[in-house]
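K.L.:
The structure under discussion is supplied below as C-alpha cells; questions concerning it will follow.
Just so you know, all these numbers are worked out from the coordinates, no wet-lab data involved. This one's a predicted model, so the numbers in the text were calculated from it and none came from an experiment. Note that we place each Cβ from the backbone using ideal geometry, even for glycine, and neighbour counts take in every protein chain shown.
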Ligand code: SF4
C-alpha cells in the first residue's frame, strides 16, 4: 500500500473523453478524440484495484469529463482507502443525480 501524505492528493483521469472542446484544454481532447479508442480505457475493476493500492486523505477523479464513465458510481463505491473523494467535472451533468445514484447503490 502506498500512502499519499495529507498535503497531497491522488488524481486519476478515468477517461480522456469529454463532452466539451475547450480551446484551452491542456489535454487537447479535440485533436486527440479522432484517435481515441474507448476500449483502451481501464475497466471498472482495473480502476478500483489500482486506486486501492493507495491510501490517503483525498482522491480526485477527473478526466476528460469524468461523468462520461457510466461506471463512475461503481468506482466511487469501490474506493476503500480515501476519506474524501473529489470529482473534477465540467458540471454539464446534474450533480444531485449523481449523488443520488451513488446513494442508491449503498
Ligand atoms: S476536460 Fe475540461 S477543459 Fe478539457 S475539453 Fe473537457 S471541459 Fe474543456
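K.L.:
Looking at residue 103, is it out of contact with any helix residue (DSSP H, G or I) (no Cβ under 7 Å at 6 or more places or on another chain), closer than 17 Å to residue 49 by Cβ and surrounded by fewer than 11 Cβ atoms within 10 Å (Cβ to Cβ)?
P.N.:
It is false that residue 103 is out of contact with any helix residue (DSSP H, G or I) (no Cβ under 7 Å at 6 or more places or on another chain), closer than 17 Å to residue 49 by Cβ and surrounded by fewer than 11 Cβ atoms within 10 Å (Cβ to Cβ).
K.L.:
Is it fair to say residue 72 is within 16 Å of the ligand (Cβ to nearest atom), touching a residue at least 60 places away in the same chain (Cβ under 8 Å) and under 22 Å from residue 104 (Cα atoms)?
P.N.:
no
K.L.:
Give the residues of region 70-88 that are within 9 Å of the chain's Cα centre (by Cα) and part of a loop (DSSP other than H, G, I, E, B), sorted by residue number.
P.N.:
88, the sole residue that qualifies.
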